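Undergrad: Dropping the structure in here first, questions after.
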Amino acid sequence: MPTLSDEELGELLDLVEGADSVELKLTVPEADHHAAAGVLGLDPLDAQIRQVYFFDTPDLSLSKAGVVARARRVQGRGDDSVVKLRPVVPDQLPKKLRKTRGFGVEVDAMPGGYVCSASMKAPAKADVRATVIDARPLRKLFTKEQQAFFTEYAADGIDMDDLSILGPIFVLKLKFKPEDLKRRVVAEMWLYPDNSRILELSTKCAPAESFLAAAEMRAFLSGRGVDLSGEQETKTRKALQFFSKRLRAG
């Protein structure tokens, strides 16, 4: 498993200091999904169903500019939409932007790597399913603040209404709090149309406790026999690449 250099560790510390939160993530090798679910006591019938749509050009021009636009349908809850920018340096973001409702800066850290992102999340302004099925303007899903954030950082010439729909991806999300960890853990199973899967385990914490949380999470998972040395996969990147390839082939 790759480790961080001294320079990378210093950069990570600076990013964590300027972030609003830290999310520690681990993707479990696909061959170990069943075993991991067993040792962690995960019951798929307790999971919340989600349906995630991404929006980008067929060649992923938006993603290449560091911007992700998505909308979600969540079982038992209202739809939501997100515009995300990554990587970012917290201290370089406009102060006014950081005070915007629904805006947050988070460091995602996983074995051997990390990224700092800024996201603006809000309840979807329109019904996601109806928007997709009826081919309504995609901008209707996003608030004016999200649209302005998108326009500021998206590549020149990319209009939100011209984006292609990539998805959906079905997701099973399960929250649990092990007695011997005392932290809430989230398990997400992303189910891709080619029958591949990603199982991600994560926990969120305040920046000041990120290294303690990482040590506790590592001890908990290794104590349960969960493999910490597997190759890490990014859920969003895999989804975008899959549907981009399908769009271009079609």
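The values are calculated or read from the model by the stated rules, or taken from the named source; none is laboratory data. Being a predicted model, the structure only gives us computed values, none of them experimental. Glycine also receives a Cβ, built like all others from the backbone with ideal geometry; neighbour counts cover every protein chain displayed.
Undergrad: Among the residues of the range 154-175, is any in a helix (DSSP H, G or I), within 21 Å of the chain's Cα centre (by Cα), of a type in the set (Ser, Thr, Tyr) and surrounded by 15 or more Cβ atoms within 10 Å (Cβ to Cβ)?
TA: no
Undergrad: Looking for something surrounded by 18 or more Cβ atoms within 10 Å (Cβ to Cβ), within 21 Å of the chain's Cα centre (by Cα) and farther than 21 Å from Gly18 by Cβ - is there at least one such residue anywhere in the range 86-108?
TA: no
Undergrad: Of everything in the range 109-131, what is more than 13 Å from the chain's Cα centre (by Cα) and either closer than 18 Å to Thr203 by Cα or among the acidic types (Asp, Glu) (or both)? Give them in sequence order.
TA: Pro111, Gly112, Gly113, Asp127
Undergrad: Moving on. Can you find a residue in the range 107-122 that is out of contact with any Pro (no Cβ under 8 Å at 6 or more places or on another chain), closer than 25 Å to Lys64 by Cβ, of a type in the set (Val, Ile, Thr) and at pLDDT 95 or above?
TA: Within the range 107-122, none of the residues are out of contact with any Pro (no Cβ under 8 Å at 6 or more places or on another chain), closer than 25 Å to Lys64 by Cβ, of a type in the set (Val, Ile, Thr) and at pLDDT 95 or above.
Undergrad: Has the range 100-123 got at least one residue that is out of contact with any Ser or Thr (no Cβ under 9 Å at 6 or more places or on another chain), without any contact (Cβ under 8 Å) to a residue 24 or more places away in the chain and either not polar (S, T, N, Q) or not in a strand (DSSP E or B) (or both)?
TA: There is no residue in the range 100-123 that is out of contact with any Ser or Thr (no Cβ under 9 Å at 6 or more places or on another chain), without any contact (Cβ under 8 Å) to a residue 24 or more places away in the chain and either not polar (S, T, N, Q) or not in a strand (DSSP E or B) (or both).
Undergrad: Do the conditions hold for Ala208, that is, is it without any contact (Cβ under 8 Å) to a residue 24 or more places away in the chain and in a helix (DSSP H, G or I)?
TA: It is true that Ala208 is without any contact (Cβ under 8 Å) to a residue 24 or more places away in the chain and in a helix (DSSP H, G or I).
Undergrad: Shifting gears a bit: Can you name every residue in the range 218-248 that is part of a helix (DSSP H, G or I) and either in contact with a helix residue (DSSP H, G or I) (Cβ under 7 Å, 6 or more places away or on another chain) or small (Gly, Ala, Ser) (or both)?
TA: Hits for the range 218-248 are Ala219, Ser222, Gly223, Ala239, Leu240, Ser244.
Undergrad: Closer than 25 Å to Ala154 by Cβ and aliphatic (A, V, I, L, M): does that describe Val107?
TA: Judged against the criteria, Val107 is a match.
Undergrad: Still on this structure: Applying the selection to the range 19-62, what residues are surrounded by fewer than 18 Cβ atoms within 10 Å (Cβ to Cβ), assigned to a helix (DSSP H, G or I) and not charged (D, E, K, R)?
TA: Ala31, His33, His34, Ala35, Ala37, Gly38, Val39, Pro44, Leu45, Ser61 - these are the residues of the range 19-62 that are surrounded by fewer than 18 Cβ atoms within 10 Å (Cβ to Cβ), assigned to a helix (DSSP H, G or I) and not charged (D, E, K, R).
Undergrad: Continuing with this model, one more query. Quick check on my filter: what residues within the range 176-190 are surrounded by 13 or more Cβ atoms within 10 Å (Cβ to Cβ) and under 22 Å from Gly76 (Cβ atoms)?
TA: Phe176, Arg184, Val185, Val186, Ala187, Glu188, Met189, Trp190
Undergrad: Follow-up. Quickly run through the range 216-234 and pick out the residues that are modelled with pLDDT of 95 or more and under 21 Å from Tyr192 (Cβ atoms).
TA: Passing the criteria: none in range.
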